[in-house]
Amino acid sequence: MLYNLHEIQHAALQPWNYFAKSSLDLLTSPFSVLSYHPASRRIAASAELLFRLTQRYTKPGFGLSETVVGGRTVAVKEAVVVDKPFCKLLHFERALSPRRKRDPKVLLVAPLSGHHATLLRDTVRVMLPEHEIYITDWVDARLVPLSAGSFHLDDYVDYIREFIRTLGPDINVISVCQPTVPVLAAVSLMASADEVVKPRAMVMMGGPIDARRSPTAVNNLALEKPYSWFEQTVIQRVPMKYPGYMRRVYPGFMQHMGFVAMNPSRHANAHWDFYNHLLQGDDASAAEHRRFYDEYNAVLDMPAEYYLDTIKRVFQEFQLPQGRFFVRDELVRPADIAKTALLTIEGELDDISGNGQTAAAHDLCTGIPKRKQEHFEVPGAGHYGIFSGRRWRDVVYPRIRDFIRKHA
């Protein structure tokens, strides 16, 4: 019902969105006499703010058409390596000479937690010059027909195992936030089965391996509300207009409301600052605001089964750190991992995944030699700072690059 009401609300706002866009065009075009009126900049700023607040944001592209390798600019092409109903495995193919020494191969596991994989654009962009990058590009569940079946947390683990096998034994895996749990489960199961393909290195960044440590507002909400509350309150069925009609999902618009509710004053101030940047003609700051919110406001629907599994098994029952995490009746044993190096990374000021939650992986992976284990807490970094922005580029990435090369 809420999903249908959201669609009705969006339809009702469309005339205002069109009006704002038309007004903005008239007030900023050099061919319009209105753009030369003394009040045009103020009215145009108001029109753009209204336009962006009533806009529906679709999945942005990665926009990585080239990179610099060895001081030379080379073209980059996105290629789908594996196409699954709920995820596409993308490869950023660099136009390199076949005679060039191969760079380390990296599987970047993006979170399936509201935003698209493009949230890791800066992560990919920084790593591309020195690595072969593959990324999990999760599909918006409202676009997946019911005929494709359900998608549980166990299916997520199966996907990761398949991707690792596809990419071969020289792969290194980086998981950001939520996927640290299914990635650790996947690598553990592959080690227990003594599969030929095992990752050389495993980098885990800001994820809830043990959500009992330094609980945040996200963790507390999962404990304060019973499982039934999440199932009855946030799960909706996809409306008729989408391919996934009648699929049970945790809608993106509800997730977005939750993101904003965590810090409403910060977002209100950001939009007020954006308005003032437009008035002052500060185009660089205004462009940065647009870039950030084009990504932040673009959200996807999550399959209900996967979301509810995660709430129950990761945030309420803590199955992995308690040694009770099963995948299709097979117990996950992180202690069986012996040949994969482990690097965990946390942000000092992370308010989503608290300090110690990711480092808990070291307590579970007792079979990995100590010389192949490292932990790094990034000073002054919040959750997003460990994989995007200045601290990611200057502090975190060099640590990951050196770790991968050391154990490759």
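Where a number appears in this text, it was derived from the coordinates with a stated rule and is not lab data. Computed from a predicted structure; not experimentally measured. Cβ coordinates were reconstructed from backbone atoms using ideal geometry, including for glycine residues, and neighbour counts include every protein chain displayed.
Annotations
- Two-site FRET efficiency, L34 against E317, from Cβ-Cβ distance with R₀ of 45 Å, rounded to 0.05: 0.15
- When you count the other C-beta atoms within 10 angstrom of each residue and take the mean per peptide, 11-21, 319-329, 385-395 line up highest first as 385-395, 319-329, 11-21.
- Simple point charges give the picture: +1 on the Cβ of Lys and Arg, -1 on the Cβ of Asp and Glu, and for segment 264-408 a dipole about the Cα centre of about 800 debye.
- Sequence-distant contacts, meaning Cα pairs under 8 Å at least 6 residues apart, place the relative contact order of segment 1-56 at 41 percent.
- Of the residues T28, T344, T166, the one that moves most in a GNM of the chain with alpha-carbon contacts below 10 Å is T28.
- Neighbour-limited loop hits for trypsin sites (Lys or Arg not before Pro), segment 208-305 (at most 11 other Cβ within 10 Å; DSSP other than H, G, I, E, B): K241
- Difference of contour (0.36 nm per residue) and Cα-Cα distance, S192 to R405: 74.2 nm
- Cα gyration tensor, segment 7-97 - rounded (a/c under 1.5), prolate or oblate: oblate
- For the pair E93 and A335, label points projected 7 Å from Cα toward Cβ lie 4.6 nm apart.
- Beta bridges per DSSP with both ends in the chain, % antiparallel, nearest 5: 50
- Springs join every pair of Cα atoms under 10 Å in this Gaussian network model of the chain, and among D282, D158, D122 the largest mean-square fluctuation is at D282.
- Dipole of the chain, positive end: most advanced residue of M204, A217, G71 [Cβ charges, Cα centre]: G71
- The aspartates and glutamates within cross-link reach of K241, meaning a Cα-to-Cα straight distance under 20 Å and a gap of 8 or more places when in the same chain, are E7, D140, D301.
- Here the spin labels are modelled as points 7 Å beyond Cα on the Cα-Cβ line, and at E66 and S147 they lie 4.3 nm apart.
- Among the listed pairs K21/K59; K198/K406; K198/K312, those beyond 23 Å (Cα-Cα): K198/K312
- As a length-normalised measure over Cα pairs under 8 Å and 6 or more apart, the relative contact order of the chain settles at 19 percent.
- For segment 69-177, averaging the sequence separation of C-alpha pairs within contact (under 8 Å, six or more residues apart) and dividing by the residue count gives a relative contact order of 34 percent.
- Projecting the Cα atoms of M254, S285, V327 onto the dipole axis of the chain, where Lys and Arg carry +1 and Asp and Glu carry -1 at the beta carbon, places S285 farthest toward the positive end.
- Take the Cα of N4, go 7 Å toward its beta carbon, and the backbone nitrogen atoms of segment 218-251 under 11 Å from that spot belong to 237, 239-240.
- Span-like helix check, the chain: no full DSSP H segment qualifies, none having both a Cα axial length of 27 Å or more and a mean Kyte-Doolittle of 1.6 or more.
- In the elastic network of the chain, a GNM with C-alpha springs shorter than 10 Å, the most mobile of N263, N172, N220 is N263.
- Here the chain is scanned for GluC sites (Glu not before Pro) in DSSP loops (not H, G, I, E, B) that have at most 15 other Cβ atoms within 10 Å, and the longest stretch holding none of them is 1-194.
- Distance between the 7 Å Cα→Cβ label points at A261 and Q280: 3.4 nm.
- Only the Cβ atoms of Lys and Arg (+1) and of Asp and Glu (-1) were treated as charged; on that basis the dipole of the chain about its Cα centre amounts to roughly 800 debye.
- Rounded FRET efficiency, nearest 0.05, which uses the C-beta distance separating Y245 from R165 and R0 of 51 Å: 0.95
- Segment E78-W229, length gained on full extension (0.36 nm per residue, minus Cα span): 50.3 nm
- Taking each DSSP H run with n ≥ 4 as -39500 (n - 2.57) and averaging over every residue of the chain yields -12000 deg cm²/dmol at 222 nm.
- Rule-of-thumb Rg ratio for segment 1-56 [Cα; 2.2 N^0.38 Å; N residues]: 1.37
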